[in-house]
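The block underneath contains the structure these notes are about, expressed in structure tokens.
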């Protein structure tokens, strides 16, 4: 396998190098560097959005989720993603319209301008920092678990994490957002191809769909229905997950920024349904891998199942492609998130263009080092940690939505989202009760956050109307 | 006309999503199967495809244009 691995890695690294070279420009402004010149087409847009969305969490987490919790994993991610892409049609339009009026350098700066309040920007930045750092660390952790299991004596866990972070830093610092988008496109294509090859191989090794499902029905029939053998996929869990995922483009800045930098609304709309198709195509084979796991490796630990299903049970070229594909998937999400944190910081700075760019590049380096440290202390539950990140950032969604919808957004939403975010963080730290009324924290918070935000927005709409009429 | 179709599409998405969580994605339901595929999976797949199809229609019939580039 080593020969194949060297071959595919060389090809992959060469394409990343080419992407950085094509994107590098000596006299670029910070807008060129951070926002890719805001002139991205629909094909590149859809590939970069998809690659940022689907990552180690999909590649490794979803097969394990299907294996452990059953078919409800499809509703958890695929149905939620399909709802999310529909949201992009309206949100993309409203966001771009407002961004053309007040300017856009990042979500934090944008919200700060709309609310005319610096705390609004800080709230968005704090939420991004608190929940993107662990999310990036999940990706890095994911790849290091897999590579350590695959090559136990080569280098330690943290060595793999360091390789990933250094590689990402080199090409993002050279080429900026455009290099990241080109590399996302390459990584998206690799990921889709690899996951289908592995998915079909696993399906065939499970004895085909019919035989595989029959074996699962015999051994653990609860995998074939909701809520799954461990009772995870209850209705409140699935509905809360759907809300958190639908709000990803609103509350996770790496996606919000991608909607703004596309060259036209048409490109955003084409991108929306293309991402939906990509989501179905990329999640379906993870169900096949999960089915294979449920048949052949029902009780082994996650790392053992993944290294067997993705690597040791595959032919050498496929196994080598899996390593490169997983590395690519992980890299694309990691760089999108770290770079987004840099973009958010820059949008709050007020100095000279050159000075801001230098500070941002330095901040990206610092964020990467924090991620590297964090990745060594993360747990192995990739999907659940990703879900916490989605739910955590969604607490500030009312603020971003109000900034997009209203000319003078209601400041009471800043207090509401601030309180929701604080409670969510405190519940994660175990300082306040996690959830209430029999619901998990996020589902319980949505029961308060959504109706109260709606009442505030509707009341504000009529107050503004009356003020204008008077 | 475009605006009317867009409103119908939004309504369809709401009905499909709320209806799915209320009537399709219910606990301990395995049958009717499609071939050998359990109920939750094939209906989930169908709902996801339907929602992406509605997204495509939404992109065609979205009633607003943007006046200038960002």
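Computed from the coordinates by the stated procedures, all read-outs in this text should not be read as laboratory data. Since this is a predicted model, take the numbers as computed values, not measurements. Cβ placement follows ideal geometry from the backbone for every residue including glycine, while neighbour counts extend to all protein chains displayed.
What fraction of the Cα pairs in the protein assembly as shown, stated in percent, has a spacing above 45 angstrom?
On the way: 15077 of 145530 pairs.
More than 45 Å apart: 10 percent of the Cα pairs in the protein assembly as shown.
Please arrange A:270, A:105, B:2 by how many other C-beta atoms lie within 10 Å of their C-beta, fewest to most.
On the way: A:270 19, A:105 23, B:2 11.
Fewest-to-most ranking of A:270, A:105, B:2: B:2, A:270, A:105.
In whole Å, how far is the Cα centre of region A:205-282 from that of region A:61-105?
Here the two parts' Cα centres lie 9 Å apart.
Let me confirm one metric for peptide A:86-94, namely the mean number of other chain beta-carbon atoms within 10 Å of its residues' beta-carbons. It would help to have the intermediate numbers written out before the result.
On the way: counts 13, 3, 3, 12, 5, 0, 3, 5, 1.
Mean partner-chain Cβ count within 10 Å for A:86-94: 5.
Report, in degrees rounded to the nearest 10, the 0 to 90 angle that the Cα long axis of helix B:2-19 makes with the longest principal axis of chain B.
Tilt relative to chain B: about 20 degrees.
Let me confirm one metric for peptide A:290-301, namely the mean number of other chain beta-carbon atoms within 10 Å of its residues' beta-carbons.
Details: counts 0, 0, 0, 0, 0, 0, 0, 0, 0, 0, 0, 0.
Mean inter-chain Cβ contacts per residue within 10 Å come to 0.
Could you state the orientation-averaged shadow area of the convex hull built on the Cα atoms of region A:49-199, in nm² to one decimal? Each step should come with its number before you reach the end.
Details: hull surface 45.9 nm².
Projected over every direction and averaged, the Cα hull of region A:49-199 covers 11.5 nm².
In degrees, nearest 10, range 0 to 90: what is the angle between the Cα axis of helix B:39-61 and the longest Cα principal axis of chain B?
It works out to around 10 degrees.
Could you give the angle, 0 to 90 degrees to the nearest 10, between helix A:382-394's Cα long axis and the longest principal axis of the Cα atoms of chain A?
10 degrees
Let's test this: bin the Cα-Cα distances of region A:395-470 at 10 Å from zero up to the farthest pair and state each bin's percent.
19, 44, 25, 10, 3
Where does region B:2-61 land on the Kirkwood hydrodynamic radius, alpha-carbon pairs, in angstrom?
Values: mean 1/r = 0.0797 Å⁻¹.
Final number for the Kirkwood radius of region B:2-61 is 12.5 Å.
Treat the count of other C-beta atoms within 10 Å as a stand-in for reagent exposure and order A:333, A:376 from fewest to most.
Details: A:333 28, A:376 14.
So the residues, fewest neighbours to most, are A:376, A:333.
Using the 10 angstrom Cβ neighbour count as an exposure proxy, how do A:289, A:448 rank, fewest first? Could you put the intermediate results ahead of the total?
Details: A:289 28, A:448 14.
By the 10 Å Cβ count, ascending: A:448, A:289.
Report, as an integer, the average count of C-beta atoms from other chains found within 10 Å of each Cβ along A:270-280. Intermediate results must be reported in sequence, preceding the final value.
Numbers: counts 2, 1, 6, 10, 4, 2, 8, 5, 1, 2, 5.
Going residue by residue through A:270-280 and averaging, the value is 4.
Work out how much length residue A:359 to residue A:22 would gain on full extension: take 0.36 nm times their residue separation and subtract the Cα-Cα distance, in nm to one decimal.
On the way: separation 337, 0.36 × 337 = 121.32 nm, distance 2.38 nm.
Once the chain is fully extended between residue A:359 and residue A:22, it gains 118.9 nm.
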